[in-house]
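Asker: First, the structure itself, so that you have it in front of you.
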Amino acid sequence: SPAQKLVFNRVNGKRPQVLPPQVWASEESYTLAHEENVRFVYEAWQQVEQQLDGSQRGENVRGPVQYVEKTPNPGLKNFVPIDLEEWWAQQFLAKIENCS
């Protein structure tokens, strides 16, 4: 039989609520409080992004103000932010490869 293919899908831009037990059972376990904190921060950040998007479209929305550096630091000229989703996926796959 062919090997199972790993697929990382999001539902409405959110991580799945339930994780397979074999993924976290060996190393990390998250408490209900941790999950609640992550959910709170995620939902609050979604509101900030929506308000920021509305203010950039010219809507008369009073909300967050995006900070833009007036004189950018030349040392950060080539800075590229890390894609955490991709990084976690690579870590996950590396763990699987090391276990097999």
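The values are calculated or read from the model by the stated rules, or taken from the named source; none is laboratory data. Please read all numbers here as calculations on a predicted model, not as lab measurements. Every residue, glycine among them, receives a Cβ derived from its backbone with ideal geometry; neighbour counts consider all protein chains shown. These accessible areas exclude ligands, DNA and RNA; they are computed on the full protein's heavy atoms, side chains included. Shrake-Rupley method; radii C 1.70, N 1.55, O 1.52, S 1.80 Å.
Asker: How many of the residues making up region 75-100 are within 27 Å of Leu52 (Cβ to Cβ) and not hydrophobic (A, V, I, L, M, F, W, C)?
Answerer: Qualifying residue count, region 75-100: 7.
Asker: Checking Ala44 against (1) modelled with pLDDT under 85; (2) open to solvent by less than 90 Å² (accessible area, probe 1.4 Å), only one condition comes out false. Which one?
Answerer: In the conditions (1) modelled with pLDDT under 85; (2) open to solvent by less than 90 Å² (accessible area, probe 1.4 Å), Ala44 misses (1) alone.
Asker: Still on this structure: Specify the residue that is least open to solvent (accessible area, probe 1.4 Å); the eligible residues are those in region 79-98 that are of a type in the set (S, T, N, Q) and at pLDDT 90 or above. Write out each step before concluding.
Answerer: The first filter runs over region 79-98 and keeps only residues of a type in the set (S, T, N, Q), leaving 90-91, 98.
Cutting the leftovers down to at pLDDT 90 or above gives us 90-91.
Numbers: Gln90: 100, Gln91: 74 Å².
Restricting to residues being of a type in the set (S, T, N, Q) and at pLDDT 90 or above, the top hit is Gln91.
Asker: For region 27-38, state whether one or more residues are modelled with pLDDT under 60, open to solvent by 100 Å² or more (accessible area, probe 1.4 Å) and within 22 Å of Cys99 (Cβ to Cβ). Steps first, please.
Answerer: To start, the set of residues in region 27-38 that are modelled with pLDDT under 60 comprises 27.
Those still in the list that are open to solvent by 100 Å² or more (accessible area, probe 1.4 Å) too: 27.
Still in the running and within 22 Å of Cys99 (Cβ to Cβ): 27.
Scanning region 27-38 turns up at least one residue that is modelled with pLDDT under 60, open to solvent by 100 Å² or more (accessible area, probe 1.4 Å) and within 22 Å of Cys99 (Cβ to Cβ).
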